[in-house]
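Data first, discussion second: the structure below is written as C-alpha cells.
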Amino acid sequence: MKTLVTKPAPVDVPAGAIGPGPRKGARPVRRKATRRAEILRAAEVVFTGHGFEAASVSEIAALADCVEGTIYTYFRSKRDLLDAVLADFYDRLITDIEPGAAAIENTADRLRFLVARHLQIPVDSVGMARLIRRQTWAGEGYQGSALHRLNRRYTKLMVEALEAGKRRGELRADLDVLVARDMIFGGLEHWVWNAVHSGRRFDPPRDAARLVDGWLGGWANPVPSPLSALEQRVTRLEGALRAARSSPLSKAGQ
C-alpha cells in the first residue's frame, strides 16, 4: 500500500476512439474514470508531501498532466478533493484488512493483527499518517466531517473484535468496548509519533504483540487465591526442609 511518488503515466487512446484524433500539442484524451484516478494519485502525492494547507491545486494539476479547470470538473473544491483522497485511502486500507481480521477467531491474535496493520500505516507512508493526524486534530470541524465518518468506519473493525471477544468469554463481560477502543488508538497514536519524532525504528508485528499482551495482561500482579497462597507456603517449607537435611550439621548428627 505504498504511496506512488511518480508522475502518472498518460493513458494511450487509439486515434478516433473518442471523437477526432488529438490536435498537435494537445493532451491525450482520458476516460473519466481514468482521469479521476490520475488526479487522485497526484493529489495524494502532493497532500502527503506538503500537507493540506500548503498543497496547491496547480501542483496537483501539473502532476496529473491536466489544467486546474479539469480538476474542478471532478471535484468541487480542494477540500472535496482531500475528502476523496482520504476516502480512497480508507477504502484500500479496509479492503486489505477485513478478510484477514475475519479469518482470525482468537481475540488476542485478531487484536495483534489489527494493531500491527495500524502500525504499518506510517511505515508505508508517514506522510499519509501525518495528513490524517493533522486533519483529525485540525479544529472543531472534525466532528461530523467526512474524515470523522471514515475513522469511525475504520475503528469499527477494532470494536467488532472486542465485542466478539466478550461473546466468546475471552474478554471481561463488563469491558466497556468504546473505552477500550479509545485507549488502544490513543495509546497507539502517542507511541507511533514518539517513535517517528525520535527516529526510532519499529517492527509492526513484534511491537503489536508487545502492546496487545500488555493491554490484555494488565500491569498489576494477579491477587493469589487462598489455595494458591497456601501452596506457595508449602513449597517454601519443603525447600527449607530439603536444605536443612542436606546441611553438614544435619549429616553430622546422623
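For region 64-98, a residue qualifies if it is more than 30 Å from Ala161 (Cβ to Cβ) and assigned to a helix (DSSP H, G or I), and the qualifying residues are Glu68, Gly69, Thr70, Ile71, Tyr72, Thr73, Tyr74, Lys78, Arg79, Asp80, Leu81.
Among the residues of region 99-119, none qualifies, meaning not one is closer than 26 Å to Arg36 by Cα, within 16 Å of the chain's Cα centre (by Cα), assigned to a helix (DSSP H, G or I) and not small (Gly, Ala, Ser).
Considering Ala9, Ala54, Ala43, Ala61, the condition of being touching a Phe, Trp or Tyr at 6+ places or on another chain (Cβ under 9 Å) and either modelled with pLDDT of 90 or more or outside any helix (DSSP H, G or I) (or both) is satisfied by Ala43 alone.
Condition test on Gly127, is it out of contact with any Ser or Thr (no Cβ under 6 Å at 6 or more places or on another chain), over 19 Å from Arg149 (Cα atoms) and part of a helix (DSSP H, G or I)? So Gly127 fails the test. Within the span defined as region 119-141, every residue fails to be buried (at least 17 other Cβ atoms within 10 Å of the Cβ) and aromatic (Phe, Trp, Tyr).
Among the residues of region 198-231, those that are surrounded by 10 or more Cβ atoms within 10 Å (Cβ to Cβ) and modelled with pLDDT under 90 comprise Phe202, Gly217, Pro224, Ser228, Ala229, Leu230, Glu231.
Within region 160-196, the set of residues being closer than 20 Å to Ile97 by Cα and among the charged types (D, E, K, R) comprises Glu160, Glu163, Arg181, Asp182, Glu189. Within region 54-97, being within 20 Å of Gln120 (Cβ to Cβ), surrounded by 12 or more Cβ atoms within 10 Å (Cβ to Cβ) and touching a residue at least 12 places away in the same chain (Cβ under 8 Å) holds for Val85, Leu86, Ala87, Asp88, Phe89, Tyr90, Leu93, Ile94, Asp96, Ile97.
When you check Leu162 against the structure, is it crowded, with 16+ Cβ neighbours inside 10 Å, under 14 Å from the mean Cα position of the chain (by Cα), at pLDDT 95 or above and under 21 Å from Ile104 (Cα atoms), yes or no? Answer is no for this residue.
The values are calculated or read from the model by the stated rules, or taken from the named source; none is laboratory data. It should be emphasised that the depicted structure is a prediction, and the values quoted were computed from it without experimental measurement. Cβ atoms come from the backbone with ideal geometry, glycine included; neighbour counts cover every protein chain shown.
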